[in-house]
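Worksheet: one structure, shown below.
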Amino acid sequence: QPDGRLFRSYKDGQARFNAYLEDYAAFIRGLIALYEATFDLRWLGEATRLAQLMFAQFHDAGGGFFQTGIDHEELVARRKDFVDNAIPSGNSLAAEGLLRLAVLLDKAEYRSEAGRILLMMKDAMARQPTGFGRLLGVLDAYLAPSQEIAVVGDPEAFATRALLAEARRPFLPHAVLAFA
C-alpha cells in the first residue's frame, strides 16, 4: 500500500484487502532469514519497519497481538489467535520474529513482548502442547542461552567465506548470524 502496509491477496494484477497479523509476522520472519542468508541490511531494515507497523496495527496493550488491524472492518470483538495448526498462529510467528530481532537489533522491548506472549499462554501450552508447536519452539529459544555469531571481514575473501560456511554448517536453531 502507499503507506507501506501490506495487502492480503493478489489476483489478476490487483492487490486487495488489508493483511492480517500472520501476514506481517511471517513476512518479518522471512525477511530476517533473507538477511541471515545475504547479510544485506535492507532486509533487516524492512523487517524492522514491518515490526513497527505490526505493533501500530495489531498490538494489544494487554499483551499479544490481534488478528486484524486497527482499521479493519468493525467486528463485535477483535480476536487474538495463539493456537498453531498447519500454519502457525500470528502470535507465535510474531513472538519468534520479535525474539530474533531483539538479538539482532539489541531491542529489549521486542524480547519483552515475546516474553509476554509466552507468559500469557503458559498454562494453555502445558495443558495442550500439541496446539502450540511453534510457540513451544519460541519458548525454547527464549529460555536457551543466546547464541550470537558475528563474522567480520571482507565478504569476498576466501577466509571470510570459509568462516561463514563453517558458522552455517551445524544445526544451531537459536543462533543469530550477523556479518560486518
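The values are calculated or read from the model by the stated rules, or taken from the named source; none is laboratory data. Since this is a predicted model, take the numbers as computed values, not measurements. Positions of Cβ are generated from backbone atoms using ideal geometry, with glycine treated the same way; all protein chains shown enter the neighbour counts.
The figures follow:
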| read-out | value |
| --- | --- |
| Residues that are in contact (Cβ under 8 Å) with a residue 40 or more places away in the chain and either among the charged types (D, E, K, R) or not in a loop (DSSP other than H, G, I, E, B) (or both), drawn from region 60-80 | 65, 71 |
| Number of positions in region 115-127 that are in contact (Cβ under 8 Å) with a residue 12 or more places away in the chain and of a type outside the set (Val, Ile, Thr) | 8 |
| Qualifying residues in region 4-47 (those that are buried (at least 19 other Cβ atoms within 10 Å of the Cβ) and among the hydroxyl-bearing types (Ser, Thr, Tyr)) - the one nearest to residue 111 (Cα to Cα) | 24 |
| Out of 108, 26, sole residue that is touching a residue at least 12 places away in the same chain (Cβ under 8 Å), on the phi < 0 side of the Ramachandran plot and outside the structural domain of residue 177 (by TED's automatic domain parsing) | 26 |
| Number of the exception - residue 102 against (1) free of Cβ contacts under 8 Å to residues at least 40 places away in the same chain; (2) assigned to a strand (DSSP E or B); (3) within 14 Å of the chain's Cα centre (by Cα) | (2) |
| Residue among 101, 136 that alone is of a type outside the set (Ser, Thr, Tyr), closer than 20 Å to residue 42 by Cα and in the same structural domain as residue 53 (by TED's automatic domain parsing) | 101 |
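Conditions tested, residue by residue: (1) in a strand (DSSP E or B); (2) touching a residue at least 12 places away in the same chain (Cβ under 8 Å); (3) more than 27 Å from residue 58 (Cα to Cα); (4) in contact with a helix residue (DSSP H, G or I) (Cβ under 7 Å, 6 or more places away or on another chain).
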| residue | (1), (2), (3), (4) |
| --- | --- |
| 113 | no, yes, no, yes |
| 137 | no, yes, no, no |
| 154 | no, no, yes, yes |
| 159 | no, no, yes, no |
| 165 | no, no, yes, no |
| 178 | yes, yes, yes, yes |
